[in-house]
Structure formats: C-alpha cells, structure tokens
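Report on the structure given below.
The values are calculated or read from the model by the stated rules, or taken from the named source; none is laboratory data. Here the structure is a predicted model, which means the values were calculated and not measured. Don't worry about glycine lacking a Cβ; one is built from the backbone with ideal geometry, like all the others, and counts go over all protein chains shown. Each accessible area value is taken on the protein alone, full model and side chains, heavy atoms only, with ligands, DNA and RNA left out. Shrake-Rupley method; radii C 1.70, N 1.55, O 1.52, S 1.80 Å.
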Amino acid sequence: MTTNYTRSTELFAAAQQVLPGGVNSPVRAFRGVGGTPLFIERGAGAYIWDVDGNRYIDYVLSWGPLILGHAYPAVVEALTWQARLGTSFGAPTLLETQLAELVIAMVPSVEQVRFVNSGTEATMSALRLARAYTGRNKIIKFSGCYHGHADMLLVQAGSGVATLGLPDSPGVPATTTASTLVAEYNDQEGVETLFAAHDDIAAVIVEPIAANMGFVLPESGFLQGLRDVTRRYGALLILDEVMTGFRASPGGAQALWGIDADLTCLGKVIGGGLPVGAYAGKREMMQLVAPAGPMYQAGTLSGNPLAMLAGQVTLQQIQSEGLFDQMTTHTTTLAEGMRTLAQELGVPLQVGHVGTMFGFYFLREQGQHIMNYTTARQFADTERYARFFWAMLERGVYFAPSQFEAGFLSAAHTDDEVKQTLAAAREALALVR
Ligand code: KE4
C-alpha cells in the first residue's frame, strides 16, 4: 500500500524553517519511528484526518486528553457559548469552583485543588509544595518516568526523552538535579535504601502506571509500599496522575488501587482538550499555597473559563451510566485481541491495559518481561515497533509514534473501530514477525 503523504511532507519542510524540529513537542516529530510526521487537519470522534485526506482511527487522542473523542458536540457547544461571554478574565469565576468540586468528588485523596496550565506546571508546583511543607529538599523519582520538563525532573526521564534516547538534557544545572534521587520502578528495596541514606527527602513522585516508558504496571504492593515508606519517614507521596487520572478509572489509579496520596498531579483529561493541569491534595498541605499560605505559584491563564468548561463537560460525561465500563471493555478487547494475534503469529509481544489506556512492547525474544526502565531499554524492539507503526498507519490506524508511549481509547471508539484495528493488526503483525 502506498498512502499519499505529499502535503504533510511539504508542511513539515516549511515548519522546520520556523520551529525547532518542525514541532512544538519532540515526540510529535516521529523520531521514534522514522519518516515524516503527519500534519493533522481535523478530528471527529475516534478519527483524525491528515492534510492529505487520509483518515485514521486515533489511539493517541492528543496523548490522552480526548477521552470523549475529537470535537465532542457538548464540548464544542460549551466552548462556543463561553467564548461569546469572554475567554479569560484573570479573575475568579464560578467555573473554577465547579471543576474543583468535580475533581474533589471524583479523586479520593483530594480535598483542595489548584489549577495550572500543564502537567509540567502541576508536578513542578507539587514538588515545591512538598518541599515547603516538609522543609526538606530532596525528591525521589523513578527512571523512565516522565513528569514534564521542569529542570529537577529531567533526570533519566521517559516519554520524549526516552524516545530520543537522550541521556538527560543539557541546560539543566547539576546543582538542580543534585537533589533528585532516582530509583528503579517496582524496586521497593531501592527506595528503602535511599530513605535510609538521606534524612532530607521531601517526597516521592511516581506514575501509578509507568506509561512514559511504554506501559509498565506497578507490581503488587509497590504503590502501597511507597505509601508506607513515605509515611514512616515523614515524606509526601505524590501520585503523578496526569495520564492515569480519569483514565485508569473515573477516580484515577488511586481510586482503583486504594492509594491515599498526599498530593496528586492531574492534566490532560481534566481540560477536555484545552490546556489544563492541576495539583491537588490534602487541605493541610494545600493551605500552604499562596495566597492562603506562603508557597508561591501563579499563572495568567490558570483556571481560564474555556478550559474549566471543557473539563467540566468532560468529567461530567465520563460519569454517564455505563460509559466508563463500555470504554474499558473496548480497551480490553483491543489489548487482549493484540495479545492473541501475537501468540498466534509467534510475535513476542508484552501487552498491558487498565481502564481506558493500554500499551504493548515488541520484545526481542519470547519470554522476556519488561518491568522497569532498564528492562524496557534492554528488551524493547523499537525497530520492530517502528515497522508495525507504519504498517498500521498504512491501514488507517494511528498508534503512538514511539515504543515508549501508551495508547488511549475514547467514548467514540466502538466495536467497529476495535474490529477494524485488530484486522489491520493481524496483517501488520504478520509483516513484522
Ligand atoms: P505536560 O506538561 O506535557 O502537559 O504534562 C507533562 C506530563 C506529566 N506527567 C505525566 C505522567 C505525563 O505523561 C506528562 C506528559 N505526557 C507526554 C506523553 N507521554 C506528553 C506528550 C508530549 O510531551 O508531547
């Protein structure tokens, strides 16, 4: 099959003249799979169209936010209506209170919320708050986890950093990362060792599902183990649910697995496709945030009406009777269907899925198991993933252009899209085995 990508190729050449790498976020440049990135013209429901008129079933969904699907009518109508009333006032609005009340009702550990404009701002601010609350400086993150691009977190990070195989990033002062300790995901003992060796650890920040190194589930007891060790040493547990929030379950991973976080970082779904992040948690800690308390953080467009309304419509809709179960069922059918096909065709594939998100690794050999960043780098066959990605694209299915990213479903994905995807996967897997 030879799909026409002429216009995308032209636009990419022009974009590279004025945008570094031709994109505004590295992972979009297709460096993880080779070739020219698609320029997207529009989306509707489960589908996107590129500028050459090719249609794809979309499992990236803007890296997670579009849980209702593209251009969801109720979201579009709400935004149109609000835009006529004004897009931003830099002053309090009822909409912020309403979205915060929704988040507090849905996410078990959350008592107060501060809205920001990205997941990066959310994690950066949550860590400042943890340091302010504990009076300590060090933090623990996990290799392969990605929490946005704040200096202190660009240490052995996942997502685009992993995709590009960057050791870390130039421009980050060693003095900044000196307070960032790194452990292996699923290595409770390693975390205990760090706590025994350092008496000034303010917090542990963790993705409850490591979905920026592909899709690695927490082993049984790992997350509760982090909750126990942080409590024992008086440090805070920060769950970075920017990706898992409202996707692992309507209340995120913490609701699914009963983890009582001190602080939670949110993003993506919470904005319904508009730029929103949030850090949230126990009232005792959130009361330190200015102007209630002395810990400073601010933002011109934080809590703006458009984003608040898009988020509110989205969070209300995903609580509709039976909808989340339907999305979870479709995700399970897709992921387990991939597992079955790979077994039938003898392709070594590791598959994972929770709620409305999933991921799979092409392994170098049968029997290998990826459970942290070291094994992800060692066993993931990124070359085979790239061939699979393009074979699926040729068949009208758009997966993440990187082996180290997760996939997502929406309310707009039906049995039919899942069936089409598995039919394409049967052919694509046969080509790459
Ligand atoms: P943003 O600053 O990109 O809104 O959020 C940063 C972030 C924080 N925490 C987690 C768990 C995240 O997954 C992210 C961002 N995710 C990536 C995709 N894996 C965003 C895509 C991109 O960088 O273009």
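Applying 1/(1 + (r/R0)^6) with r as the Cβ-Cβ distance of Asp168 and Gln343 and R0 = 51 angstrom yields a FRET efficiency of 0.85.
Relative to the compact-globule scaling 2.2 N^0.38 Å, provide the ratio for the alpha-carbon radius of gyration of segment 74-318.
Output field value: 0.98.
Charges were assigned to the Cβ only: +1 to each Lys and Arg, -1 to each Asp and Glu. The resulting dipole of the chain about its Cα centre is roughly 500 debye.
Positive-end ranking of Val229, Gly281, Val182 along the dipole of the chain, with charges on Cβ about the Cα centre, is headed by Val182.
Rounded to the nearest Hz, the phi-derived 3J(HN,Hα) couplings of segment 192-205 under the Karplus curve 6.51 cos²θ - 1.76 cosθ + 1.60 (θ = phi - 60°) are 4, 4, 5, 5, 5, 9, 10, 9, 10, 8, 7, 7, 10, 10, where x marks glycine and proline.
The gain in end-to-end length when the Gln420 to Ser220 segment is fully stretched comes to 68.6 nm, 0.36 nm per residue minus the alpha carbon separation. Over the chain, dividing the summed -39,500 (n - 2.57) contributions of all DSSP H runs of at least 4 residues by the number of residues returns a 222 nm mean residue ellipticity of -12000 deg cm²/dmol. Under a 5 Å amide H cut-off, with hydrogens placed 1.01 Å from N, Ala203 pairs with Ile140, Leu236 among residues at least 5 apart or on other chains. Rounded to the nearest Hz, the phi-derived 3J(HN,Hα) couplings of segment 30-35 under the Karplus curve 6.51 cos²θ - 1.76 cosθ + 1.60 (θ = phi - 60°) are 6, 4, x, 10, x, x, where x marks glycine and proline. Here, the chain has an Rg and a Dmax of 21.0, 61 Å when only alpha carbons are counted. Amide H contacts of Gly407 (H built 1.01 Å from N, in plane; Pro and chain starts excluded): Phe358, Gly359 sit under 5 Å, all sequence-distant by 5 or more or on other chains. When nucleic acids and ligands are ignored and a 1.4 Å probe is applied, His198 ends up with an accessible area of around 50 Å². Under 5 Å between amide hydrogens, built in the peptide plane, is the criterion, and for Ala44 it picks out His70 among residues at least 5 positions away or on other chains.
Find the centroid of the Cα atoms in segment 225-263 and in segment 276-330, then give the distance between the two in whole Å. Segment 225-263 and segment 276-330 have Cα centres spaced 16 Å from each other. Taken as Cα centroids, segment 188-204 and segment 378-395 sit 38 Å apart, rounded to the nearest whole angstrom. Eigen-decomposition of the gyration tensor built on the alpha-carbon atoms of segment 1-155 gives equivalent ellipsoid semi-axes of 34, 25, 15 angstrom, largest listed first.
Build a GNM of the chain with springs between Cα atoms under 10 Å apart, and of Val33, Val418, Val76 the one that fluctuates most is Val76. Take the Cα of Arg377, step 7 Å toward its Cβ, do the same at Glu365, and the gap between the two points is 2.0 nm.
The string of couplings for segment 5-19 from the Karplus curve (6.51, -1.76, 1.60, θ = phi - 60°) is 10, 3, 5, 4, 5, 4, 5, 5, 4, 5, 4, 5, 6, 10, 10 Hz, one whole number per residue in order, with x for Gly and Pro.
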